[in-house]
Every structure is written in C-alpha cells, then in structure tokens.
Amino acid sequence: MITLTRPPTAENLVLFVHALRSSGLPVSVQQTLDLGRGLALIDLSCRAELFHAARATLITRREDLALYRLLFDAFWGGGRQAPAAQNPPPAPRHDPVRQRGRELLSLMARRAQPQDPEIETSDRSETYSDVELLQCKDFALLSAEELDNVRRLLELSTWQVSLRRTRRRQRDRFGDRLDVGRLLRQAAKCGGRILVLPRRSRKIRPRPLVLIADVSGSMERYSRLVLLFFHSLCHALQDSETFTFGTRLSRITSSLRLRDVDRALYEIGAEVTDWAGGTRIGDSLGTFNRRWSRRVLRRGAVVLIVSDGWERGETEVLRAEMRHLRDRCHRLIWLNPRLGHPHYQPLVEGMAAALPFVDDFLPIHNLQSLAQLAEHLASLPHRRSARRSIPTGALHSPRRTPLNKEAS
C-alpha cells in the first residue's frame, strides 16, 4: 500500500481544498461537501483511494487533471511504498474511517458556508502576481497574451448597479401601505374577522444600464477591451442595452447576449460597418435620442458613454444632444481612456462641449479603473445629485484647440 506523507486529518483535507482554489482550480461549496461525504466510504490511509475520490468530486475539466496531480503529489507526497507490517494491529471495534469522514464533513460544513467570500466557483487561472501586474497596465499597451488574461479576468467580474424603488408593490408584512384587496378577500373568507393586516411595499430593482461605445479610429486601441467589458456587463446585468457609434449608431445588444465572447465579437464585427472610421458623436447621440431613448431610458436608466471625445461633427449638435440625453436619464457617466494619463486635460472641442452635461467623468484605461467603476455603479445615489468626479477646471471655457489634438 502507498502511504501519505501527512495524515489525512480534517484540517489537512480542508487545507488541500484551499490549495486547489489558490492555484486556480474551480472548487465549489457543493463539491467540497461531496468530498466530505465520499471520504466516509473509503480507506483514508490509502493514497490511491484518496486521490481518486478527490479527483472525482473536485475536478470537472480534463485540462485541470495535470495541475491537480501535481498539487496532490506536492501536498500529500509523490507516493512511497510503505513497509509491510510484520504484526498488523487488531482491528478496532469502531469504524475509524467513517468516524473521520463524519468529522471532516462537519468541519467543512462549518468552514465552507455559501456566503464565505473565500469560496468561489469561478476559474482563477492567473496567479496573484500576474493579476497585480495587470491591474495598472494601460489597455493600449497589452500584449496578445496579456489581453487574453484580461479577458478571462473580465469574465470573472461581478457587477451591480444601484437599486431603485419601482411603482409596483409586493407583499410585505412590514410594508408602508395596506393591501386593501387582500384585506377584503381575507375578511370575506373569515366571515368578517381580520386576523392580520396585510401590507405591501414597493419593489426594489436594479436600475437599467445603457452602454454606448465609441469604435472610431481614435479609439481603436481600446475598442476590443471596451467590448469585452460590455460583454461582461451584459451577462451580469439582465436589464441592459448596448450601442456603438463611429459615424452612425448601431445596436449590438443581441450580439453581446451570446455566451461565447469570440462569437459575440465576430457578430459585432459583421454588424458594425463604421469600425475604426470617423467620429460623429453628436449625430450618433441624435439618432439614439430619436429612435431609442424612449424605449431604453425608462425607469431611471444609468447611461455609460465610452469615448475620448474627438468629434468631427458640429459641437453645437453634440451639446444639444447631450443636454437632451442628460434630462432623460438618472445618471450620465462618461468614461474616457485618456483620462488615466497623468497630464490629461479635456481640451478637445467635443469633450469640452459634452462635459457640462456629464454627472461623472471617469477613466477606463486599466483593470484598476474598472474596479473603481464597479464600486461607483454600486454606490450611485437614489436621487440625482450634484455631479461628481469632474476634474478641477474641466467645466471652465477651454481654449480652442485644433481638431484631433489632445493635451496629454
């Protein structure tokens, strides 16, 4: 029989599961509990049985088997033949294997609670140091391998938009309004007696999110990352609409709903004909305001515009369309990848014309800025308040600059 270099105690088995997660293998709470139940049925002193039991319950993908074997050998030992016992001890009266399995199951149930943030079902394929290096690196400077790593990290991201009180009401024993209809039905059913006063309160729902991305030539270095970001948002938030613009507006919501991100980007590439071309922000927002605003800006939507602000059209048109859009949404957020540069100032005419109508002016140039955006979206005020996160001096009348030139 092959022995283990460390005893298969409950503490060691919990540490082993934690080591798998730390190395990027997806191990869920249910898988951990299934392992605890399975260990009551095997001989824990046998390395082979422990290896196959853990593999059957914790590993779900063929490509993870090699890493699992390495981690198992590193944690429990590579496998050494135990010397044959000359006089084997007599078998105990109780079953120590089942007892140990029950103890392990109890310990895992206490430690592996569903709300425990340490336990995640997502696949963390990158190490901690790799993620740290990518946090502050500008999206425009990413290599192909780093772009693929960022893509996987975006797939693991969670997003939440601030909540709103709807006009619809639901049953709530502590609600602020009596449920008259239910009260009358209850009285009729009970012969006029009222045992409990039924109440109702307003439903709480996330705010709708509208995403509008600039895919013109000046945004070419960031467009792919922006669409990956939009894909992550669309699958995390059900009530969302997505558009792109260059010289005209295109709706890409149905394409981004595809689960396969590569297929989604392929569909978008075939659907958007003005990719990496000119920029007409005002005309594109005008199309949005006329054709889509009534449909997608209802119920207090939050609008995200991703653009560097370079405008080839009339700035007066942009100013009028921004005012129209600002008056019909709950929050208007402008994300500019150039805002992450240390000496950036919004001096281009298009950006200067749009800024007076923007509630929040934020960067979107690396993973750290996306993390800050996630916190910002989750903490938006319930009521429209004064604008925040606008750079000092950005709302003053800027000096006129040549088209397509930016101070950075």
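The values are calculated or read from the model by the stated rules, or taken from the named source; none is laboratory data. Because the structure is a prediction, the values reported are computed rather than measured. Reconstructed Cβ throughout: ideal geometry from the backbone, glycine too, with neighbour counts over all protein chains shown. The area values use the complete protein model at the heavy-atom level, side chains included, leaving out ligands, DNA and RNA. Shrake-Rupley method; radii C 1.70, N 1.55, O 1.52, S 1.80 Å.
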Any hit, segment 241-257, residues being open to solvent by 10 Å² or more (accessible area, probe 1.4 Å) and either under 15 Å from L335 (Cβ atoms) or modelled with pLDDT under 90 (or both): no
Members of segment 18-41 found to be hydrophobic (A, V, I, L, M, F, W, C) and either at positive phi or assigned to a loop (DSSP other than H, G, I, E, B) (or both), listed by number: L25, V27
Exactly one condition in (1) in contact with a Cys (Cβ under 8 Å, 6 or more places away or on another chain); (2) at pLDDT 90 or above is false for R291; which is it? (1)
Since T57 meets every condition but one in (1) over 15 Å from P7 (Cα atoms); (2) of a type in the set (S, T, Y); (3) assigned to a loop (DSSP other than H, G, I, E, B), which condition does it not meet? (3)
Considering segment 55-77 alone, what residues qualify as being open to solvent by less than 60 Å² (accessible area, probe 1.4 Å) and over 29 Å from the mean Cα position of the chain (by Cα)? F72, D73, F75, W76, G77
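Only one residue in D262, D283 is closer than 22 Å to G350 by Cβ, of a type outside the set (A, V, I, L, M, F, W, C) and either open to solvent by 10 Å² or more (accessible area, probe 1.4 Å) or part of a strand (DSSP E or B) (or both). Which one?
Being closer than 22 Å to G350 by Cβ, of a type outside the set (A, V, I, L, M, F, W, C) and either open to solvent by 10 Å² or more (accessible area, probe 1.4 Å) or part of a strand (DSSP E or B) (or both) holds for just one of D262, D283, which is D283.
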Selection over segment 24-54 where residues are in contact with a helix residue (DSSP H, G or I) (Cβ under 6 Å, 6 or more places away or on another chain), closer than 17 Å to F75 by Cα and surrounded by fewer than 18 Cβ atoms within 10 Å (Cβ to Cβ) yields a count of 0
Does G278 satisfy being in contact with a Pro (Cβ under 9 Å, 6 or more places away or on another chain), among the small types (G, A, S) and assigned to a loop (DSSP other than H, G, I, E, B)? no
For segment 252-283, which residues satisfy the criterion of being over 26 Å from L163 (Cβ atoms) and of a type in the set (D, E, K, R)? R259, D260, D262, R263, E267, E271, D274, R280, D283
Tell me the residue from L13, L44 that is more than 28 Å from the chain's Cα centre (by Cα) and either under 29 Å from L156 (Cα atoms) or part of a helix (DSSP H, G or I) (or both), please. L13
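Is it true that some residue in segment 208-226 is under 30 Å from P342 (Cα atoms) and in contact with a Lys or Arg (Cβ under 8 Å, 6 or more places away or on another chain)? Step through it out loud before you land on a result.
Our first condition is that a residue be under 30 Å from P342 (Cα atoms); within segment 208-226, this holds for 209-226.
Add one more test, that the residue is in contact with a Lys or Arg (Cβ under 8 Å, 6 or more places away or on another chain), and what stays is none.
Within segment 208-226 (the criterion being under 30 Å from P342 (Cα atoms) and in contact with a Lys or Arg (Cβ under 8 Å, 6 or more places away or on another chain)), the answer is no, since none of the residues qualifies.
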Counting only residues that are in a helix (DSSP H, G or I) and open to solvent by 10 Å² or more (accessible area, probe 1.4 Å), how many does segment 265-275 have? 6
Out of curiosity, is R185 assigned to a loop (DSSP other than H, G, I, E, B), open to solvent by 100 Å² or more (accessible area, probe 1.4 Å) and more than 26 Å from G300 (Cα to Cα)? no
For segment 167-182, indicate whether the set of residues that are among the aromatic types (F, W, Y), free of Cβ contacts under 8 Å to residues at least 40 places away in the same chain and either touching an Asp or Glu at 6+ places or on another chain (Cβ under 8 Å) or crowded, with 21+ Cβ neighbours inside 10 Å (or both) is non-empty. no
Among the residues of segment 202-215, is there at least one that is open to solvent by 80 Å² or more (accessible area, probe 1.4 Å), touching a strand residue (DSSP E or B) at 6+ places or on another chain (Cβ under 9 Å), over 30 Å from D283 (Cβ atoms) and without any contact (Cβ under 8 Å) to a residue 40 or more places away in the chain? yes
For segment 169-186, indicate whether the set of residues that are more than 30 Å from G246 (Cβ to Cβ) and polar (S, T, N, Q) is non-empty. yes
Need a quick list: helices (runs of 4 or more DSSP H) entirely within segment 292-366 having at least 1 residues that are out of contact with any helix residue (DSSP H, G or I) (no Cβ under 6 Å at 6 or more places or on another chain), under 22 Å from F230 (Cα atoms) and of a type in the set (G, A, S). 293-296
